[in-house]
Amino acid sequence: MEYIHAMRVLLVDDEAEVRSYFVRALQRLRPELEVVEAADGREALDYFLHMPFDLVLSDQRMPRMSGIDLLREVRTHSAVPFVMISSDRYAEGEALHEGASEYLSKPIGLHVLGAVLGRYL
């Protein structure tokens with residue numbers, strides 16, 4: 001018998017309030033999702049290397065390990081959809097060049113987040 005895990009999203013942002021917003025939004029849009037939170041890229045990478053994820057949503061600017069550095073590490077292991085989120089519009093090109101599936105500029109409304117989930121999950 002094959003084990004099927006619940007759809008799991010890795011949510012990475014150094015601001016607790018931002019993570020809280022995204023968790024509420026994700027649970028509202030898809031109550032069945034399991035959301036794993038990480039406060040920086042290093043914590044996220046540790047989670048990523050130890051459990052499967054169906055989608056990564058990551059802020060770009062964070063202490064210890066940036067979203068770009070996390071993306072580079074993730075891409076050495078997996079082609080999982082990786083959505084970079086930032087208020088810095090100038091970073092979009094770098095994120096896409098490094099392999100981000102998509103780049104979203106903050107603030108992100110519920111309808112945009114719902115569309116992202118529809119594309120990747």
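Just so you know, all these numbers are worked out from the coordinates, no wet-lab data involved. Source: prediction; values computed, not measured. Cβ: placed from backbone, ideal geometry, glycine included. Neighbour counts: every protein chain shown.
Quick look at the numbers
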read-out: Residue match in segment 86-105 (condition: free of Cβ contacts under 8 Å to residues at least 24 places away in the same chain and in a loop (DSSP other than H, G, I, E, B)); value: yes
read-out: Selection within segment 73-85 - outside any strand (DSSP E or B) and among the β-branched types (Val, Ile, Thr); value: VAL74, THR76, VAL80
read-out: Residue satisfying condition, being within 19 Å of TYR120 (Cα to Cα), surrounded by fewer than 17 Cβ atoms within 10 Å (Cβ to Cβ), out of contact with any Cys (no Cβ under 8 Å at 6 or more places or on another chain) and not hydrophobic (A, V, I, L, M, F, W, C), within set SER78, SER20, SER58; value: SER78
read-out: Filter pass, PHE48 being in contact (Cβ under 8 Å) with a residue 60 or more places away in the chain and either part of a helix (DSSP H, G or I) or acidic (Asp, Glu) (or both); value: no
read-out: Candidates GLU37, GLU43, filtered to the one that is under 21 Å from SER105 (Cα atoms) and of a type in the set (Asp, Glu); value: GLU37
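For (1) within 23 Å of ALA115 (Cβ to Cβ); (2) in contact (Cβ under 8 Å) with a residue 60 or more places away in the chain; (3) touching a helix residue (DSSP H, G or I) at 6+ places or on another chain (Cβ under 6 Å); (4) small (Gly, Ala, Ser), each residue gets a yes or a no:
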position	(1), (2), (3), (4)
VAL23	yes, no, no, no
LEU55	yes, yes, yes, no
MET65	no, no, yes, no
GLU73	no, no, yes, no
ALA79	yes, no, no, yes
MET84	yes, no, yes, no
